[in-house]
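**Student:** Below is one structure. I have some questions about it.
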Amino acid sequence: MKNFIIKLTFLACVIIFYFFVGEVMIRIFYSHLNNYNMEMWRSAAELKCPMPFPELPFCYFPNKKGCYYGVNIRTNSLGFRDYEYSIEKPKNKKRIIFLGDSHTFGWGVAFDDIFPKRLERLLNREKNNYEVINMGLGNSNSVMQLKLFKWKGLQFKPDMVIVMYFINDTEPTPRRHLLPEHLVVRHSYFWAFLFDRFSKFSAHFIKTFRREIYYNNIYSQKNSRWLTSNERALTELINLCKKNNIKILIVNIPELYNFKNYPFKYATEYIKDLAKRQNIPFLDLLPSFSSHSPESLWVSLEDPHLNAKGHAIAAKAIYKKLLYEDIADKSS
């Protein structure tokens, strides 16, 4: 037993030593090694603040800035990727709040190019009477977006809320990490490097995973509890807006891999049907994207987030929808 303990202690010391050496080396050469996975990890580690709410396990730190995946990102005093807006709404202004995930946040895209800011400029071409507030939160679902809106959005007294729905918004709310995970997973560059390499290595051998299978399972009756939770959150958000005389629009962002033979029409029908039953306007962005190749709208070949071109198309489609539905002033 004594020899076993000695060997085990020696092994632990060796592992800790090599982990320390790896950590130092990765930090030194990070600029040559970073990629989409590692930059997503780094942004989450540095920008996201753990929260005590079960419905909102994290949000963004206020007044943070950094360069991630080649793009400068800055948050305001409330943790939004946006300008500073006064809580009290100016008398001559109308306010629109965007809720959504990393597409809405604008991952990989310069601030002026994200669709909330593009829409703001379109609405203010003739009259400067709109403020469009971006509350996009990466890796969030509908439950988290509802909590964030109730916590920080309602105080702005918006005239409209635009929900940017994505197919994975039905996924369960992630749990808060435990302390040991914070110490290693949240702060270790070497851990992020190993995880990235393991993910890419295993992808060559794990052939059973397909996006079609994954999302089909999410939207099947087998996981109806996820759909129920999602629908409950969206319904509460819609009722909250109606109660406060806030207009609401749901916009569907399609999955960005196959536009011609889109395999996830059932997810679109799900959110479209919910909007119809609640008697609120709905916009599907797939027709606006379908004339373009999916890759031409990606941030990079390894990152299928909407790039600046995709954001421009989305902003234009939303603008036209607002005018067509007479949701926004035609004089704006």
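The values are calculated or read from the model by the stated rules, or taken from the named source; none is laboratory data. Because the structure is a prediction, the values reported are computed rather than measured. Don't worry about glycine lacking a Cβ; one is built from the backbone with ideal geometry, like all the others, and counts go over all protein chains shown.
**Student:** So, in region 231-289, how many residues would count as being charged (D, E, K, R), outside any helix (DSSP H, G or I) and either farther than 15 Å from Thr170 by Cα or not assigned by TED's automatic domain parsing to the domain that holds Ala317 (or both)?
**Tutor:** Matching residues across region 231-289 total 3.
**Student:** May I pose another question? How many residues are within 17 Å of the chain's Cα centre (by Cα) and either closer than 23 Å to Leu234 by Cβ or hydrophobic (A, V, I, L, M, F, W, C) (or both) when one looks only at region 83-117?
**Tutor:** Within region 83-117, residues that are within 17 Å of the chain's Cα centre (by Cα) and either closer than 23 Å to Leu234 by Cβ or hydrophobic (A, V, I, L, M, F, W, C) (or both) number 17.
**Student:** Still on this structure: So is Glu171 at pLDDT 80 or above and on the phi < 0 side of the Ramachandran plot or not?
**Tutor:** It is true that Glu171 is at pLDDT 80 or above and on the phi < 0 side of the Ramachandran plot.
**Student:** Right, another one. Among the residues of region 110-124, write down those that are part of a loop (DSSP other than H, G, I, E, B) and surrounded by fewer than 22 Cβ atoms within 10 Å (Cβ to Cβ).
**Tutor:** Scanning region 110-124 gives Ala110, Asn124.
**Student:** State which residue is surrounded by the most Cβ atoms within 10 Å (Cβ to Cβ) when the search covers only region 289-313 and only residues that are touching a residue at least 60 places away in the same chain (Cβ under 8 Å) and closer than 21 Å to Asn35 by Cα.
**Tutor:** Taking the candidates together, the pick is Leu306.
**Student:** Just to be sure I understand, how many residues within region 125-144 are of a type in the set (Gly, Ala, Ser) and not in a loop (DSSP other than H, G, I, E, B)?
**Tutor:** Counting residues in region 125-144 that are of a type in the set (Gly, Ala, Ser) and not in a loop (DSSP other than H, G, I, E, B) gives 1.
**Student:** Any residue in region 84-102 that is touching a His at 6+ places or on another chain (Cβ under 7 Å), crowded, with 17+ Cβ neighbours inside 10 Å and closer than 25 Å to Gly310 by Cβ?
**Tutor:** Yes - at least one qualifying residue is present in region 84-102.
**Student:** Still on this structure: Any residue at all in region 30-48 that's free of Cβ contacts under 8 Å to residues at least 40 places away in the same chain and in a loop (DSSP other than H, G, I, E, B)?
**Tutor:** yes
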